[in-house]
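We did not get these values from a lab; they are worked out from the coordinates using the rules stated. Since we're looking at a predicted model, the values are computed, not measured. Quick reminder, even Gly has a Cβ in these numbers, built from the backbone with ideal geometry, and neighbours come from all protein chains shown.
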């Protein structure tokens, strides 16, 4: 590892970042979550136990690895404490958890505002998880947000009172139920006491670690095509899950970043509304969904499924400066007789390999495909790239050739150990 290695999603999330993070965290001294909130999830299976992380860096499963929730994350204390308790119930410690004092806190009015805003969009819903993520980021940039350092300060009651009074005026205007100040204050003071020992200046902590040549792993949440700036706006998340969000969400400098691994599946999927050029809203998409168990970690919603889009992948590879690809579910796609890769778009009769997040362009584009032989057979026992069947090698090499990024990890099954390190 270099000083700071990064793992990012390349499409719409749910690519299986957890498995790659879990492996790299065994070589890291510190694992950091950079952005997003509990609208994201990593699922990791260890010793037969499935762990679903929504806020805590999944690197915490590795003994000796310090797990940090960075300042770019918005935290629902109730969800975080539940995750901590789940770890304890499974015999895992959370003593190595640290929370940035600058991370913003999700409060009940954020969740209610999220629901209200989505409801008022009518037919133009964006598919929010209604967990208060967007409104919490809104308050952050409107400069009325409450941070972790405020949560444990003597000033918390004053800040909460001001915010609830202001939010309740909006709820009253819309005829929506208001937030009870006394109940919220009591609840969040209890959260504060539970979390107090773990809240600290993580920026100084990280830079001191770098000065001492410690290895840091930054794990992204969501994925590149959901980025608030570079994704298919407005069908995006409320943060920057691309490479820039690593710096702003942790305080780590750009010169410290080394390897940047982009995680994807050997097919594609998406949750929620928005354009999706390679979607297969048909029997093929249904088959992929069932073979890949494509249901949301956080929401349990069925994911939209389709073929892998190399045009979009090349865009996110450039955007993030990817140095390696981690391709999961190669075993899943290999169960199909024929496999397709999108290598260009046809837009109004013209062919292009340039990607844009312009929704009008995407909604009026069709995929140009190359077809490959499937039926890879059982690849779960393959330990090297050379062990793979020739049909699988041809498929993977075409992805490398098109994107110009080498494949570094290959997922061959659902388990933690089912992975080829190239």
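For the chain, the longest principal axis of the Cα atoms and the long axis of helix 77-89 meet at an angle of about 70 degrees. Packing here is the average count of other Cβ atoms within 10 Å per residue, and on that basis the peptides 261-271, 301-311, 159-169, highest first, run 261-271, 301-311, 159-169. The distance linking the stretch 134-148 with the stretch 189-260 is 17 Å (Cα centroid to Cα centroid, whole angstrom). Of the peptides 97-109, 115-127, the ranking by mean beta-carbon count within 10 Å, highest at the top, reads 97-109, 115-127. On a 0 to 90 degree scale, rounded to 10, what angle separates helix 202-211 from the longest Cα axis of the chain? Helix 202-211 sits at roughly 50 degrees to that axis. Any chance you could give the angle, 0 to 90 degrees and rounded to 10, that helix 390-403 forms with the longest Cα principal axis of the chain? Compared with the principal axis, the helix lies near 60 degrees. Look at where the Cα atoms of the stretch 59-83 and of the stretch 9-43 average out, and the two centres are 11 Å apart.
Return the single residue from 170, 243, 44 with maximal mean-square fluctuation; model: Gaussian network over the chain, springs between Cα atoms under 10 Å. Looking only at 170, 243, 44, the largest GNM fluctuation is found for 170. Normalised by residue number, the volume inside the convex hull of the Cα atoms of the stretch 262-421 is 117 Å³ per residue. Neighbour counts of C-beta atoms inside 10 Å place 335, 397 in the sequence 397, 335, starting with the fewest. What separates the Cα centres of the stretch 324-368 and the stretch 92-125 is a distance of 32 Å.
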